[in-house]
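Engineer: Structure provided below as structure tokens; questions to follow.
The values are calculated or read from the model by the stated rules, or taken from the named source; none is laboratory data. The structure displayed is predicted, hence computed values, not measured ones. Cβ coordinates were reconstructed from backbone atoms using ideal geometry, including for glycine residues, and neighbour counts include every protein chain displayed. Heads up: the accessible areas ignore ligands, DNA and RNA and are worked out on the full protein's heavy atoms, side chains in. Shrake-Rupley method; radii C 1.70, N 1.55, O 1.52, S 1.80 Å.
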Amino acid sequence: YITKKLLAEGKKAKESYNDRLAGHLNHQYLYPQNIQKWFYNEIQPIIQSYREGHCRFHGLKELNIELEADDLWVNFMKPGDFNPKHTHGGDYSFVLFLDVPKQLTKEQEEFKGTSAKPGSLSFEYTQQARPQWATTGVTVEPITGNFFMFPAMLQHWVAPFKSKVTRVSVSGNLRILNRDKLPRDYF
């Protein structure tokens, strides 16, 4: 129900967000405030689960942090569009795939190169390295409904594709409000 509503509302969004984003896309729109508020309320359990896992993974004391949503936008990615390597503002970011057409999946399956497959999202933990078994990042092939949350400063990029389709995704950022109450070494 979340992806369906965001897709429907994204098609109605009018406020261009192109001037605030790194993407080489012409169709990136900010959701209206009422949709942003609804969405962040709906995904609160996902955000909390991410925070708990984040603290466990890094051996951090699970501190009570206050998060505020900075923004929420929809990306209509067309053939040849791409997102160059970039980071986000805030402290946490995410991407949710609303519509990944079957033609794009077929293009990915037929791809023969060694780089990220067409339309894929790549996260880079450091510079690319050799040998290939030295993990420096991860690439994910988008699937409708998949949701990825990550630290806002994690470099990532999206490869272009050729299929005559539109891949639709949503992204947003969250920031920690009570930074002054957290230990210095937390950041």
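Engineer: In segment 35-70, how many are over 26 Å from Leu6 (Cα atoms) and of a type in the set (S, T, N, Q)?
Structural biologist: Summing the residues that are over 26 Å from Leu6 (Cα atoms) and of a type in the set (S, T, N, Q) in segment 35-70 gives 1.
Engineer: Need the failing condition index for Val95 against (1) open to solvent by less than 20 Å² (accessible area, probe 1.4 Å); (2) more than 15 Å from Val158 (Cα to Cα), just the number.
Structural biologist: (2)
The rows are residues; the columns are (1) touching an Asp or Glu at 6+ places or on another chain (Cβ under 9 Å); (2) of a type outside the set (Phe, Trp, Tyr); (3) over 21 Å from Asp99 (Cβ atoms).
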residue	(1), (2), (3)
Phe148	no, no, no
Met153	yes, yes, yes
Lys164	no, yes, no
Arg175	yes, yes, yes
Asp180	no, yes, yes
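Engineer: Same structure again: Identify, from the list Thr144, Thr139, the residue that is surrounded by 15 or more Cβ atoms within 10 Å (Cβ to Cβ) and modelled with pLDDT under 95.
Structural biologist: So the residue among Thr144, Thr139 that is surrounded by 15 or more Cβ atoms within 10 Å (Cβ to Cβ) and modelled with pLDDT under 95 is Thr139.
Engineer: Write out, first by first residue and then by second, each pair whose Cβ atoms fall under 6 Å of each other, whose residues are 6+ apart or on separate chains, and whose first residue, in segment 126-144, is closer than 27 Å to Arg167 by Cα and charged (D, E, K, R) while the second is at pLDDT 90 or above and outside any loop (DSSP other than H, G, I, E, B).
Structural biologist: Glu141/Gln108
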